[in-house]
Amino acid sequence: MIKALLAAAVAIVGLTAFTASAISGAASAVLGSGSGSQPSTTALADIPPDYLELYQLAAATCPGLDWTILAAIGKVESDHGRSQLPGVLTGENFAGAGGPMQFLQATWDQVTARHPLPPGGATPPSRYNPHDAIYTAAAYLCDSGARDGRDIHAAIFAYNHSDAYVNQVLTQAQDYRSAAPTFAPASSPAAQAAINYARGQLGLPYVWGGDGPVAGDAGFDCSGLTHAAYEAAGIELPRTAQQQYNAGPLVPAGAPLAPGDLLFFGTPSRVHHVGIFIGGTAMIHAPDFGKPIQVQQDFHTLGDFVGASRPWNDHQGHFQVMG
């Protein structure tokens with residue numbers, strides 16, 4: 001990191017150069033994106049699950065930093081910790097960098113002094129520990145221009161002073177991002193506002209009992225997300241999934257779903273999960289511990305769908321059946 005590697009050094013990690021048109025496309029797709037893009041099939045096949053989770057959680061600490069940037073740097077620097085080159089698992093490389101995210105010791109000391117690391121890593125923090133290295137990389141990128149998506153290019157260039165390196169990272173990041181999900185337009189302004197709010201939380205961590213950053217929590221649980229989304233739309237819901245199901249109004253069995261509907265899972269007397277329908281078979285939800293807020297492409301795969309409610313109907317004076 002900050003090791004002034006030239007394109008030849010970039011090649012050491014086994015990645016090839018890309019065409020200028022591919023690089024331009026990657027930059028336009030990644031620059032200014034949030035932390036909540038979904039992993040592509042390439043990402044799921046290539047990134048170890050523990051690393052993928054760390055990239056997503058660490059990126060969420062820096063608004064405007066997409067996790068794919070962190071993951072791409074981890075790929076280029078050490079193949080997500082799998083490289084056997086000197087300086088990845090122990091020691092240092094020729095430039096003095098060490099660990100899966102390839103920090104110089106001096107840079108490591110400076111960044112960790114400014115940004116204490118969350119629990120879950122080594123004691124004391126180590127640049128060879130994946131948790132510590134990835135969270136520190138997120139902090140460094142955030143300080144260098146990634147915050148609020150101000151200048152992702154500058155942030156990556158600060159990490160390694162090479163335009164070839166920046167291009168490699170941006171293109172790899174694009175490979176790790178899936179196509180953006182399609183959001184059907186909602187038929188109610190309140191439903192659209194709730195969906196827009198939920199979209200803005202993509203990538204935040206699941207936190208049991210969490211009500212989101214405004215309430216001082218790093219993320220949400222499932223009903224905390226739906227409660228906050230409809231609160232942003234001017235509709236007050238009960239707090240738990242069971243209470244939200246009981247409050248209704250329930251969508252009649254067999255009636256078409258509408259974007260903004262709340263989808264419930266479990267049984268009528270024991271609802272354990274809720275998400276926000278966004279069209280097709282997809283929903284936004286906070287799944288469980290260790291998984292960020294995300295788009296579930298087919299809610300039926302959860303297996304115990306019990307019904308849906310349409311909160312905004314109570315504010316229109318009648319139940320509007322869609323379709």
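When the residues of region 297-323 are filtered to those that are modelled with pLDDT under 75 and more than 17 Å from Pro252 (Cβ to Cβ), which remaining residue is surrounded by the most Cβ atoms within 10 Å (Cβ to Cβ)? Ranking the qualifying residues of region 297-323, first place goes to His315.
Among all residues of region 44-65, there is none that is of a type in the set (D, E, K, R), surrounded by 23 or more Cβ atoms within 10 Å (Cβ to Cβ) and touching a residue at least 24 places away in the same chain (Cβ under 8 Å). Within region 106-150, being touching a residue at least 12 places away in the same chain (Cβ under 8 Å) and among the acidic types (Asp, Glu) holds for Asp132, Asp143, Asp148.
The set of residues from region 234-243 being touching a helix residue (DSSP H, G or I) at 6+ places or on another chain (Cβ under 6 Å) and in a helix (DSSP H, G or I) comprises just one member, Ala241. Of Ala139, Ala173, all but one fail to be surrounded by fewer than 24 Cβ atoms within 10 Å (Cβ to Cβ) and either assigned to a helix (DSSP H, G or I) or in contact with a helix residue (DSSP H, G or I) (Cβ under 8 Å, 6 or more places away or on another chain) (or both); the exception is Ala139.
Per the conditions (1) closer than 25 Å to Ala59 by Cβ; (2) free of Cβ contacts under 8 Å to residues at least 24 places away in the same chain; (3) not in a loop (DSSP other than H, G, I, E, B), the sole criterion not satisfied by Glu231 is (1).
The values are calculated or read from the model by the stated rules, or taken from the named source; none is laboratory data. Worth saying up front: this structure is predicted, and the values here are computed from it rather than measured. Using ideal geometry, Cβ is built from the backbone for each residue, glycine included, and neighbour counts are taken over all protein chains shown.
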